[in-house]
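The values are calculated or read from the model by the stated rules, or taken from the named source; none is laboratory data. For clarity, every value in this text was computed on a predicted model and none was experimentally measured. Every residue, glycine among them, receives a Cβ derived from its backbone with ideal geometry; neighbour counts consider all protein chains shown. These accessible areas exclude ligands, DNA and RNA; they are computed on the full protein's heavy atoms, side chains included. Shrake-Rupley method; radii C 1.70, N 1.55, O 1.52, S 1.80 Å.
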Amino acid sequence: PALFRFTDPKLATAILALSTPQKMAALRREKNFVGLTLLGLLVASDILFKVDPKSEGLRAGEGDENLVLWDFHDLLFHTHSTEGRQANPLGGRYAYVGAIAPPPAVRAPWPGTPIDLQALAPAAGEPASPFAKLLGERHSVREFDDANPITLAELAALLGAVARVRSKWSTPLDFGDGNAGPDLDFTSRPYPSAGSAYELELYLAVNNCDGLARGYYHYDADRHVLVPIEARAQELQALFSAASFAMDAQDPPQILLTIAARFNRVAWKYSAIAYSLILKDVGVLLQTLYLAATDIGLGGCAIGTSNVELFARITGQPFHVEGPVGQFALGRGIAAGDPI
């Protein structure tokens, strides 16, 4: 990662010209040529890169096939709404205190005659349905009982209820013109996903789990197994520290789930809306995690930040191929009334 600031308009114009693939010989004949030293620095930072002019099927000059699948606005949003590849302020900074009044929690009523729904509600004392009861009990838990950690059996039950592959099938792509496209593979899982893409993967940073060693794991939803991934102690500590800070919690979670997206799985089909669809999928998966954890008797808390560079270092995956789009702290919550 690198950040460059250009204050000379002529230099900025010359840099802009590099957005179109050009030969080095032609560049050196330009009046505003930026110089080999700066070009070398930009190449070393992957801001400029060599392209194959004979490549077919890719937009000219946009690099490897995984990068080509990104719409620019999506990649910009992904890197600027996460940590690791930008240096702008991020998170709850209350930047408009003193300038704009805080918006109200409840919207002002629309004018018109309201239709009262209270009379249609269940009678007082009538037992709630199991689902309504589960929704009512769901809440964010930020402090965990490390003397009574989550067990491997409970973790297996949660992962199976939330993300396990239930079925698989293939079908040819049909544009309706009589020409069959390639076969597309699909799965069914417990939560909904845009276009049945199911691009989301779960990675677990385990801090305290009865029956499972501290470390980093990938959940293979097809085989319903955990696969260990080598991670350094300082990388795990960085994950837990960031999660504690984001939750404003004193101690780290027992397990930190990172929701990562295989971006090409969605972007191969959808244009302009691919990243927004991924974030919608993250939302429904987080709610499913909340409800499953509550049902099992565990606590959880969605976390709004993630670090794309830290994930890339641990997994070895380029940030634009597979990267974090959500996190969820999990464990056995401290019972109400117990000291925190």
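What to note about this one:
- Matching entry among Leu36, Leu69, Leu11, Leu27 (being more than 30 Å from Thr305 (Cα to Cα), touching a Phe, Trp or Tyr at 6+ places or on another chain (Cβ under 7 Å) and surrounded by 11 or more Cβ atoms within 10 Å (Cβ to Cβ)): Leu27
- Selection within the stretch 272-305 - among the small types (Gly, Ala, Ser), open to solvent by 30 Å² or more (accessible area, probe 1.4 Å), at pLDDT 95 or above and not in a helix (DSSP H, G or I): Gly297, Ala302
- Taken together, the residues in the stretch 165-188 that are open to solvent by 70 Å² or more (accessible area, probe 1.4 Å), of a type in the set (A, V, I, L, M, F, W, C) and farther than 30 Å from Leu226 by Cα amount to 2.
- Failed criterion for Pro190 (all others in (1) touching a residue at least 12 places away in the same chain (Cβ under 8 Å); (2) closer than 18 Å to Pro324 by Cβ hold): (2)
- Sub-6 Å Cβ pairs linking a first residue in the stretch 162-180 that is touching a residue at least 12 places away in the same chain (Cβ under 8 Å) and over 29 Å from Ala292 (Cβ atoms) to a second residue that is of a type in the set (A, V, I, L, M) and open to solvent by 50 Å² or more (accessible area, probe 1.4 Å), at least 6 apart or interchain, are Pro172/Ala180, ordered by first then second residue.
- Lone unmet requirement of (1) touching a Lys or Arg at 6+ places or on another chain (Cβ under 9 Å); (2) of a type in the set (Gly, Ala, Ser); (3) at pLDDT 95 or above; (4) open to solvent by less than 30 Å² (accessible area, probe 1.4 Å) for Ala261: (1)
- Screening Ile115 against (1) open to solvent by 100 Å² or more (accessible area, probe 1.4 Å); (2) closer than 30 Å to Gly299 by Cα leaves a single unmet condition, (2).
- Scanning the stretch 237-264 for residues that are assigned to a helix (DSSP H, G or I) and touching a Leu at 6+ places or on another chain (Cβ under 9 Å) gives Ala238, Leu239, Phe240, Ala242, Ala243, Phe263, Asn264.
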